[in-house]
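Q: Sharing a structure, written as structure tokens. Questions coming.
Computed from the coordinates by the stated procedures, all read-outs in this text should not be read as laboratory data. Owing to the predicted nature of the structure, the values given are computational and were not obtained by experimental measurement. Here the Cβ positions follow ideal geometry from the backbone for every residue, glycine too, while neighbour counts run over all protein chains shown.
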Amino acid sequence: MRKLTFVAGLAAGYVLGTRAGRERYEQLTKSARGVAQNPKVQDVARQARQTAGAVAGRAADTVAGKVGDKLPPAVADRVPYLHRKAAGEDGWGTDRP
């Protein structure tokens, strides 16, 4: 079912894209670049990345604290975060404020 939905979306995008033509595509890309380069948008995106990183770190800490010692060794060996957490490292690569 997912493949069918994907193929239908791909076909619809192709048809709509060819009808709109190259000029409309250029207009859309120019508008998208303008929005992406807006300082307010960049600031909100940076804040979202920081918030997501902090939430992911807290969630990982909570999960590791609740199930980390209860996992069988075969599973715990495959989750490097549990080993780094024991050593006091943060392996998520997040920006901590």
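Q: Output the direction-averaged projected area (hull surface divided by four) of the convex hull of the alpha-carbon atoms of region 1-62, in nm².
A: 6.9 nm²
Q: If R0 is 41 Å, what FRET efficiency do you get for R24 and R58 from their C-beta distance, rounded to 0.05?
A: 0.40
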